[in-house]
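Novice: Shown below is the structure under consideration.
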Amino acid sequence: MVTLSGFWHPDRGRVDCPAAPLLQAHLERAGVPSELGTADRRDIGGTPPEESATLVATTFTMPGGEALGLAAAAPPRWIGQVRQAVADWSAVVRTRRLFVPAVVADCREGRGAVPGPVPRPARGGQHACPLPHRIESAARAFAADGDTVLLVGDPDPSAPGGLRQSGAAVRWVRVPDVETARRTALPPSGAAAFVLAPCTSVRTASEILAVLRARLPRLRGVHPDQWCYRADDNRAATAGAVAASDLVLDLGAGTAPPVRAARPVVALRSWQDLAPERLRDASTVTVVNTAPFVPGRLQPAEVEEVLAGLGPLAVVHHRVVTETRLHLTAGASKRSTV
């Protein structure tokens with residue numbers, strides 16, 4: 001039994017079948033052994049059949065005139081199951097959108113960032129997260145002034161490496177959440193300064209700092225123009241795409257920030273995980289937790305190609321970008337240029 005990735009139609013000529021992996025997985029899930037192959041005008045590709053086979057197919061024409069379809073060549077004993085499988089997936093064909101949240105997978109130094117013991121504003125437009133060694137450098141500078149250094153926020157798991165203790169003079173007081181900020185022991189003198197954990201959420205950090213500032217009126221720290229919005233932007237991009245979709249496909253790479261999905265979610269580890277009834281009424285699909293070139297895991301490009309075999313598909317890369325301007329000296333906007 002051969003599921004066809006392409007075949008020759010007597011009227012439409014060459015017909016490609018990008019969704020063949022879905023049809024093949026559907027047949028195997030139903031207990032019908034199948035392999036991928038092709039069929040031209042003369043024969044059926046793949047392993048030569050030992051008995052006669054009937055071609056079961058459906059075709060449709062894309063807006064640009066390209067013919068696509070779903071097809072399998074089945075011997076008599078499997079013909080009923082194959083006809084049902086082709087009918088099931090034919091009912092899924094429709095126009096769709098595929099949302100792919102543009103999640104930044106790692107942190108890089110902003111172009112033109114001014115070096116120094118305390119991180120300064122990035123000059124490259126979109127804000128970039130200071131690398132851990134720069135955060136450590138800022139902590140050393142605060143510690144040299146006699147401040148207790150508070151590491152605010154929970155580091156993003158995909159941030160580039162962990163922070164080290166910055167020498168004997170600096171010991172982090174980790175404040176990963178609001179509850180810790182309320183109960184942690186603070187210096188009696190009130191002399192403390194904070195740095196943000198790499199790629200921590202600014203929203204989370206702001207909530208923590210509100211508690212700390214109430215307890216430490218003299219608290220100082222890195223300037224807000226050096227806060228990293230990467231985690232918040234990733235969360236907003238994913239949440240926005242999920243909210244706009246009818247179905248979420250989770251590829252399992254662990255790269256998506258946690259968001260509350262009020263939509264059906266399919267843990268897609270192989271094509272056998274996706275049944276036709278899941279896609280039948282889904283006009284907008286979002287794919288999350290993607291990671292390119294991971295062996296054994298479905299790739300975003302594969303998902304795009306296969307879904308494009310089920311009707312016209314618009315791939316929408318959804319991103320959220322927060323930009324930080326350089327801080328202005330007080331009164332700078334009122335100066336006149338001579």
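Novice: Can you give the FRET efficiency for residue 58 and residue 321, using 1/(1 + (r/R0)^6), R0 = 30 Å, r = Cβ-Cβ distance, to the nearest 0.05?
Specialist: The pair residue 58/residue 321 has a calculated efficiency of 0.10.
Novice: Turning to a different aspect of this structure: Once R0 is set to 41 Å, what does the formula 1/(1 + (r/R0)^6) return for the Cβ-Cβ distance between residue 305 and residue 173, expressed as a FRET efficiency to the nearest 0.05?
Specialist: That gives a FRET efficiency of 0.25.
Novice: Could you pull the Rg and Dmax for the stretch 209-330, using just the Cα atoms, both in Å?
Specialist: Taking only Cα atoms of the stretch 209-330, I get Rg and Dmax of 19.6, 61 Å.
Novice: What accessible area per residue comes out for the stretch 2-91, rounded to a whole number of Å², with a 1.4 Å probe?
Specialist: I get 50 Å² per residue for this part.
Novice: Moving on to the next point. Taking just the C-alpha trace of the stretch 2-91, give me its Rg and Dmax in Å.
Specialist: For the stretch 2-91, the Cα-based Rg and Dmax read 12.2, 39 Å.
The values are calculated or read from the model by the stated rules, or taken from the named source; none is laboratory data. No experiment lies behind these values; they were computed from the predicted model shown. Counting neighbours? That spans all protein chains shown, and the Cβs are built from the backbone with ideal geometry, glycine included. Heavy atoms of the whole protein, side chains included, go into the accessibility calculation; ligands, DNA and RNA do not. Shrake-Rupley method; radii C 1.70, N 1.55, O 1.52, S 1.80 Å.
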